[in-house]
1. In the range 145-158, which residues are surrounded by fewer than 16 Cβ atoms within 10 Å (Cβ to Cβ) and of a type in the set (Ser, Thr, Tyr)?
2. How many of the residues making up the range 192-216 are charged (D, E, K, R) and closer than 21 Å to Val125 by Cα?
3. Asp314: of a type in the set (Asp, Glu), surrounded by 15 or more Cβ atoms within 10 Å (Cβ to Cβ) and under 26 Å from Ser383 (Cβ atoms), yes or no?
4. Just one of Gln600, Gln568 is at pLDDT 95 or above and out of contact with any strand residue (DSSP E or B) (no Cβ under 8 Å at 6 or more places or on another chain); which is it?
5. What is the residue count in the range 385-402 for residues that are surrounded by fewer than 19 Cβ atoms within 10 Å (Cβ to Cβ) and of a type outside the set (Asp, Glu)?
6. Applying the selection to the range 49-72, what residues are closer than 19 Å to Asp101 by Cα and more than 29 Å from the chain's Cα centre (by Cα)?
7. Which of the residues that make up the range 111-144 are of a type in the set (D, E, K, R) and either outside any strand (DSSP E or B) or crowded, with 21+ Cβ neighbours inside 10 Å (or both)?
8. Considering each of Leu277, Leu289, Leu281, Leu252 in turn, give the residue that is hydrophobic (A, V, I, L, M, F, W, C), over 23 Å from Ala657 (Cβ atoms) and modelled with pLDDT of 95 or more.
Amino acid sequence: MNNARIHWACSCLLILWALPAGLAAQDFGPPPANPPPPATLKEIQTKTERLGRIISSLRKQGVRDPALADVEIFHQAAVAIVEHQEFFQKDSGAATLAVLDRGLLRARFLSTGESPWMQAVGQAVPRGYRSRIDSSVQPYAVTLPASYGKDPSKRWRVDVVLHGRDKSLTEVKFLNTHSGDKAAADLRTVRIDIFGRGNNAYRWAGEIDVFEAIASFLSNERFAGRERLADQTRIVLRGFSMGGAGTWHLGLHYPDRWCCIGPGAGFTTTHGYVKNLPNPLPPHQEACLRIYDAVDYAANAFNVPVVAYSGAKDPQMQAAVNIEERLKKLGIDMTHLVAPDLEHKFPPEWQAKADAVWSEHAHHGRDEYPREVRFTTYTMKYSRCAWLDIMGLERHYQRATVEGARHDDGFELTTQNVRALHLILPEGTTQNQEVAIDEQKLFAKPWTDANGGTHLYLQKTGKAWRAVLPQRLLTERQQRPQKIAGLQGPIDDAFTDSFLCVHGTGKPWHAATQHYADANLRRFQAEWSKYLRGQLPVKADIDVTNEDIATKHLILFGDPASNSLIAQVLDGLPLRWTKDTVVCAGAEYAADSHVPVMIQPNPLNAGRYVVLNSGHTFHAADFQGTNALLYPRLGDWAVLKLAPTNRDSRAVEVRAAGLFDEYWKLPVK
């Protein structure tokens, strides 16, 4: 652990938003720890330090990822289990030493230029990648069939497997579970087991982990000259319980990534799954449920086959029922396997039955350029499907749809709540295209990119569509910031890509508000480490570089006097903040007792976010409750009043909160 990490972690303060009464009953907190004997702890410390020194030496010798990350995952696993005292099993101490021994063995191989684990077949092999979000190393596991690569012409189905919730899950447990286990003799698929940064239902950074792990595997295969063996048109996404919830949401948000999805149990709604949750929630929270409630994206099953599994006596069967009811109304088929008399279980015989149906769909594979696409979304966070790319919504968190068909000479499209589109043309298409869209007809000349690909860009003004050049759309975005893919909010979205937390070095206006900002950052660091399994990137304002501003979302803590970067961006935000007052959304608040929180495009780099005084807006109690609680609490902006109590001297009240419009402005009342 570096000095900055130690400094900010030394006094973690957990400041929680008030939860509705009754939610605490859904507690999935970790079990009691069973610390190993002092001698074992000493041995763990000694081996951890030794492995850390070897990794440092390898780095100085020029060893780089992916091989270096494949070693670092073992070191990080030992660091994390000690830091968080997560010795949940009686043999956790021995398991940690086993992980360190495997890391030391890999390091010795690397020091001689070898990495035999990259070619291992017939068994589960832990791998690692370095996340673009926080530069942490994250584990995943790959199992290659025993005959993988023996026939260079054979292409293999790839199964991406999402684990269920495990209160005792740690990196050590994951690495031991997936180290050296012999694969089934008749294993017919490549298998990628996802760690997903722990227990978060594959949301936020956990969502990105799934795609970064897949990308890491495919990149390694290209490096090994085996890129054709893993068939990217035959990727099956599957999981049970929390893994089922993740499969529902990733499968329906990204329906063009998979040849089939196999969700087992899980949940697909927030209301109805979270016990005693007020209904409705405040408007901005209610709107943000549409980010992750998979039931709202049920119509996207048109684009990907769904083979769901449920136990007939499992309350989580409702997840599939929710989707099934929506699809029946839309005339879309799905397969729902129901095991009689079973509760929350997915036994081998039913896995085999499900696999038989997955295999049928995998045999046909995914159409890389389908003739027809029907896509539904509620946010620019999810804006693409096959050849269709939505470039702007009329209003976020309301249903937006595009139904389109590709013909030999053009497209036929109907849209709802969409104001800009990008259509990718089949390879080699250069002739003018006829586009029928929303009862209009227009002719458009394809635009050719630097790689020879051809595209159409359509923009809606009032009710009229027209073809435009992409440069026009890009220029309009620069002249007038708008919510686009990757820059659409809410606050929590800033932590799904590369970001940097920045604390100030100046003298604050008010000690009380600065105390809250500092405590908030410490809490975020502790929660990120514990629940999202990474090291929070933190710098002082005077240490932020040009590269940081160009490549990272900036998360700024403090006030304009204490944090020089807040002072630099303040005049570009919909906020007036002086030593005396905070003015936001037409209301004025005393600056000595209120803290503004918001997300906006960064005035120093319009292609990245800036966030004021906030990490994730859900906290430890939500991570330890059901994963459905990991929804945004503050939307795009809020004003918090310091409201200390005897129980928590750093408590706050939400005085106002809401969402910006499509152009990052406060909606006109």
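The values are calculated or read from the model by the stated rules, or taken from the named source; none is laboratory data. It should be emphasised that the depicted structure is a prediction, and the values quoted were computed from it without experimental measurement. Cβ atoms come from the backbone with ideal geometry, glycine included; neighbour counts cover every protein chain shown.
1. Ser147, Ser153 - these are the residues of the range 145-158 that are surrounded by fewer than 16 Cβ atoms within 10 Å (Cβ to Cβ) and of a type in the set (Ser, Thr, Tyr).
2. The qualifying residues number 4.
3. Considered against the rule, which asks whether it is of a type in the set (Asp, Glu), surrounded by 15 or more Cβ atoms within 10 Å (Cβ to Cβ) and under 26 Å from Ser383 (Cβ atoms), Asp314 comes out as no.
4. Sole residue among the options that is at pLDDT 95 or above and out of contact with any strand residue (DSSP E or B) (no Cβ under 8 Å at 6 or more places or on another chain): Gln568.
5. So the answer is 4.
6. Result: Glu49, Arg50, Leu51, Arg53, Ile54, Ser56, Ser57, Leu58.
7. Once the filter is applied, which keeps residues that are of a type in the set (D, E, K, R) and either outside any strand (DSSP E or B) or crowded, with 21+ Cβ neighbours inside 10 Å (or both), the range 111-144 yields Glu114, Arg127, Arg132, Asp134.
8. Every option except Leu252 fails the conditions.
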